[in-house]
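**Student:** Have a look at this one before I ask anything.
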Amino acid sequence: MEKKVLDMLKELQPTCDFAEGVDFIDAGYLDSFDIVTLISELEKTFSVSISALDIVPENFASVQSICDLVRRSKKVTF
């Protein structure tokens, strides 16, 4: 999952080094449009639904926080 998320981020902002370990929001790597685009890609790629309540900066600060968000957003279907 981390590789796919990293690829998505690189596609959004090819000039940014997302492996650097900085906070993506604080560093200015991602803006609000990037986050909306990323959410759409995450939902489509991982078949999840990300709640509006989860659209907060700390959930998009790193590859790990984004992957954690995706894991929490998986819906259990019966």
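**Student:** What pairs come out if I take residues in segment 18-34 that are outside any loop (DSSP other than H, G, I, E, B) and pair them with residues that are surrounded by 12 or more Cβ atoms within 10 Å (Cβ to Cβ) and not acidic (Asp, Glu) whose C-beta lies under 7 Å away, six or more apart or interchain?
**Tutor:** Taking only residues 6 or more apart or on different chains, the pairs are ASP34/LEU12; ASP34/GLN13.
**Student:** Which members of segment 20-78 meet the condition of being open to solvent by 90 Å² or more (accessible area, probe 1.4 Å), in contact with a helix residue (DSSP H, G or I) (Cβ under 8 Å, 6 or more places away or on another chain) and under 16 Å from LYS4 (Cβ atoms)?
**Tutor:** Within segment 20-78, GLN64, LYS74 meet the criteria.
**Student:** In segment 56-78, which residue that is more than 10 Å from the chain's Cα centre (by Cα) and part of a loop (DSSP other than H, G, I, E, B) is farthest from GLU20 (Cα to Cα)?
**Tutor:** By that ranking, first place goes to PHE78.
**Student:** List every residue pair whose Cβ atoms lie under 6 Å apart, where the two residues are 6 or more positions apart in sequence or sit on different chains, the first residue falls within segment 40-63 and is in contact (Cβ under 8 Å) with a residue 60 or more places away in the chain, and the second residue, located anywhere, is crowded, with 17+ Cβ neighbours inside 10 Å and assigned to a helix (DSSP H, G or I).
**Tutor:** Final answer for the pair search is VAL63/VAL5.
The values are calculated or read from the model by the stated rules, or taken from the named source; none is laboratory data. For clarity, every value in this text was computed on a predicted model and none was experimentally measured. Because the Cβ atoms are built from the backbone with ideal geometry, glycine has one as well, and the counts that use them run over all protein chains shown. SASA here: full protein model, heavy atoms, side chains in, ligands and nucleic acids out. Shrake-Rupley method; radii C 1.70, N 1.55, O 1.52, S 1.80 Å.
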